[in-house]
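Okay, structure first, notes after.
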Amino acid sequence: MLKTRIISAAVGSSLLIAVILLGRTAVGIAIFLVALVSLYEFYHSLKSAGYKPIEYIGYASCLMLLPVVFSGKTADYGKLFAAMGLFYFLLTVAVFMHAVFRHDRYTLSDLSLTLFGIMYIPFLLSFFILTRNMEFGSYYMWIIFIGAWATDTFAYFTGISMGRRRFLPQVSSKKTVEGSIGGLVGCIAAMTVYGLFVAGKVGNIPLYHFAALGALCGIVSQLGDWAASAIKRYAGVKDYGKIMPGHGGLLDRFDSILFIAPTVYFYVSLVLG
């Protein structure tokens, strides 16, 4: 199992690095595709539990990522955010019209889960693209990945080597207190090393900001993982999909990034901006 996880992670990382090297637009299009596949996995997990999300509205919500992809650094973000707000408002109205005209087919739970999927996946992933579009965005983007990878890796290996006390057994039987602490400490260390590596390349940001980002990412990364595990528990599935052997679906790999991307975006915008 470990060998399969490592091979699958190596292949996935190689593809990711190849996309990143192609530039900002390629990254944005890749995130758009990730959103579509992840939303598909999410909705189909819910369908296995007997729910009926309105899938075509959910997939349509991913289209709003494309203007963000092609907007670039010089875009009028005030108008862009207004357009995004209008688009999501219309989608919300469309969902509620199903409660009026298709109440015999869709329950309130179906409608709510449709909107939940939109907020959970394409909306949160949009912050990844927004972060990439920032000044020094190519460096900030790596903070998102490092936050997810370092936390997951250190938590995993600390958990299997030192884990004794179970943590959140009602959500995931494999989580341990030691693994959680190891993930947090490992993320802080990895982010601090990254800060040393990019020193002077991102506007002379003091090193303690990287340590702070490591702490925040180490926390929210695990919150994202726990949230995904809780949703899978509700849906009665082990993994969202099988696209990555040993890891599950794309959503299983991006569950932490969904929480980290907005964290990095708002920290850079509000604290470093």
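The values are calculated or read from the model by the stated rules, or taken from the named source; none is laboratory data. Keep in mind that what you see is a predicted model, and the values were worked out from it rather than measured. Counting neighbours? That spans all protein chains shown, and the Cβs are built from the backbone with ideal geometry, glycine included.
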Exercise for the section: Please identify the pairs in which a residue from region 88-102 that is at pLDDT below 90 has its Cβ atom under 9 Å from the Cβ atom of a residue that is part of a helix (DSSP H, G or I) and not aliphatic (A, V, I, L, M), counting only partners at least 6 apart or on another chain. Expected result: Tyr88/Ser61; Tyr88/Phe123
Exercise for the section: State the number of residues belonging to region 175-207 that are assigned to a helix (DSSP H, G or I) and either more than 17 Å from Tyr139 (Cβ to Cβ) or within 20 Å of the chain's Cα centre (by Cα) (or both). Expected result: 15
Exercise for the section: Given the conditions (1) at pLDDT below 95; (2) within 30 Å of Phe116 (Cα to Cα); (3) not hydroxyl-bearing (Ser, Thr, Tyr), report the number of the one that Gly182 does not fulfil. Expected result: (2)
Completion exercise
Tyr234: passes all of (1) surrounded by 22 or more Cβ atoms within 10 Å (Cβ to Cβ); (2) at pLDDT below 90; (3) not in a loop (DSSP other than H, G, I, E, B) but (1)
Practice task
Take the residues in region 36-58 that are closer than 19 Å to Leu111 by Cβ and charged (D, E, K, R), then tell me which one is farthest from the chain's Cα centre (by Cα).
Solution key: Lys52
Problem - Total residues in region 96-122, condition buried (at least 20 other Cβ atoms within 10 Å of the Cβ) and either under 18 Å from Leu250 (Cα atoms) or of a type in the set (Val, Ile, Thr) (or both) - result: 6
Practice task
Would you mind stating whether Ile181 is crowded, with 17+ Cβ neighbours inside 10 Å and without any contact (Cβ under 8 Å) to a residue 40 or more places away in the chain?
Solution key: yes
Exercise for the section: Name, by its number, the condition in (1) modelled with pLDDT of 85 or more; (2) surrounded by fewer than 19 Cβ atoms within 10 Å (Cβ to Cβ) that does not hold for Lys174. Expected result: (1)
Fill in the blank from the handout: Here the residues within region 25-40 that are surrounded by fewer than 22 Cβ atoms within 10 Å (Cβ to Cβ) and within 29 Å of Ala99 (Cβ to Cβ) are Phe32, Leu36, Val37, Tyr40
